[in-house]
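Take a look at the structure set out below.
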Amino acid sequence: GHYLQDMKSPVGEALFFGTQAHKAIEAFVADNNVDMSEVWTAGWRAALKTEEYKHIVWDETPQDAYMTGLRMLRDKDIVSVLSTIKPTTYHKPREPKDTDDPNIVYPEFEQVPAIEREIHWSLSDMPDIIGYNDCIQDDGVPVDFKTAGKMWAANKAGKEMQPLFYLAALTQLGETSHSFRFRHVVITKTKNPRIEIFEEQRSPAELEYME
């Protein structure tokens, strides 16, 4: 649709919900001592005060959506499955720090969990494509966390195009332990939330087609 000058496109509830859920899930996957419900609550309250989220189009009331997320992130089965997802680590460029002491030299890289890792895919005739992968597990397989209104059908994950970008970018970096596998972790936003991990096997031929 079109919007009047100086008016922004309204943010949908699904995007708002998914963004806050991702923050909580990724914080827990990085450190299982984190309480996802606390991260969810803090993030939800902070985001509601920002300009970006003042005109959210709600499918249900904000309080109902908040409680749905709280119930989802406190579910014992969901917590249990998420606790099995162990991220690998990688060398992330360290942000430069100002210091008046010339004897202090900070390392250029730091070892961090592979959560929200920035990944570049270089193509010959166009600018790099940049993405942020939710998680790369300790076996090298990239993971994407999804919240959904209902559980995915068994064949949906294999039709997704997004995994091919991450697999192509990682392969270009020389990281091939994924063996062209990708995992979607799907969590339902329902009265009785469920979690399921879909692992699909992709192929080098699909990556060649994308290039």
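The values are calculated or read from the model by the stated rules, or taken from the named source; none is laboratory data. Keep in mind it's a predicted model, so treat the numbers as computed, not measured. With ideal geometry, Cβ positions are generated from the backbone for all residues, glycine too; neighbour counts draw on all protein chains shown. Remember, those area values only see protein heavy atoms, side chains included, never the ligands or the DNA or RNA. Shrake-Rupley method; radii C 1.70, N 1.55, O 1.52, S 1.80 Å.
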Problem set entry | Approximate spin-label separation K92-W58, in nm, with each point projected 7 Å along Cα-to-Cβ | 3.3 nm
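Could you work out the local net charge near A30, counting Lys and Arg as +1, Asp and Glu as -1, over the other residues with Cβ closer than 12 Å to its Cβ? Can you show the working numbers first?
Details: positive: K23, K86, R117; negative: E26, D31, E116, D134.
With Lys, Arg at +1 and Asp, Glu at -1, the net is -1.
Report the calculated FRET efficiency for E110 and N32 (r = Cβ-Cβ distance, R0 = 22 Å), to the nearest 0.05. Walk me through the intermediate numbers first.
Details: r = 21 Å, r/R0 = 0.96.
Plugging the Cβ-Cβ distance into 1/(1 + (r/R0)^6) gives 0.55.
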Exercise. Taking the Cβ-Cβ separation of K191 and A42 as r and a Förster radius of 22 Å, what is the calculated FRET efficiency to the nearest 0.05?
Worked result: 0.35
Problem set entry | Zone of D125's modelled label, taken as backbone nitrogen in segment 179-211 under 13 Å from a point 7 Å along Cα→Cβ | 211
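D138 to S203: FRET efficiency via 1/(1 + (r/R0)^6), r the Cβ-Cβ distance, R0 22 Å, to the nearest 0.05? Each step should come with its number before you reach the end.
Values: r = 23 Å, r/R0 = 1.06.
Once the sixth-power term is evaluated, E becomes 0.40.
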Problem set entry | Considering only segment 116-211, percent of DSSP beta bridges that pair antiparallel, nearest 5 | 70 percent
Exercise. How many percent of DSSP beta bridges within the chain run antiparallel, rounded to 5?
Worked result: 75 percent
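Rounded to a whole number, what % of the accessible area of segment 34-97 do carbon and sulfur atoms account for, probe 1.4 Å?
Ligands and nucleic acids excluded, carbon and sulfur reach 52 percent.
Subtracting the Cα-Cα distance from 0.36 nm times the residue separation, let me have the gained length for K150 to T50 in nm, one decimal. Before the final figure, lay out each step's value.
Details: separation 100, 0.36 × 100 = 36.00 nm, distance 2.90 nm.
Full-extension gain reported as 33.1 nm.
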Problem set entry | Per residue solvent-accessible surface (Å²) - the chain, probe of 1.4 Å | 60 Å²
Seminar exercise, completed: Taking Lys and Arg as +1 and Asp and Glu as -1, residues besides H120 with C-beta under 14 Å from its C-beta add up to -1
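Taking 8 Å as the Cα distance limit and 6 or more residues as the minimum spacing, I'd like the relative contact order of the chain as a percentage. Mind showing how you got there, number by number?
On the way: 300 pairs, mean separation 35.9, N = 211.
Relative contact order of the chain: 17 percent.
With runs of 4+ DSSP H residues as the only contributors, calculate the mean residue ellipticity of the chain at 222 nm using -39,500 (n - 2.57) per run, divided by the residue total and rounded to the nearest 500. Mind showing how you got there, number by number?
Numbers: 6 runs with 69 residues, N = 211.
Taken over the chain, the calculation gives -10000 deg cm²/dmol.
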Problem set entry | Structure-derived semi-axes √(5λ) of the Cα gyration tensor in Å: which label, when the choices are (i) 30, 22, 16; (ii) 34, 26, 18; (iii) 29, 24, 21 | (iii)
Problem set entry | Residue-count net charge about H178 - beta-carbon cut-off 11 Å; Lys, Arg +1, Asp, Glu -1 | 0
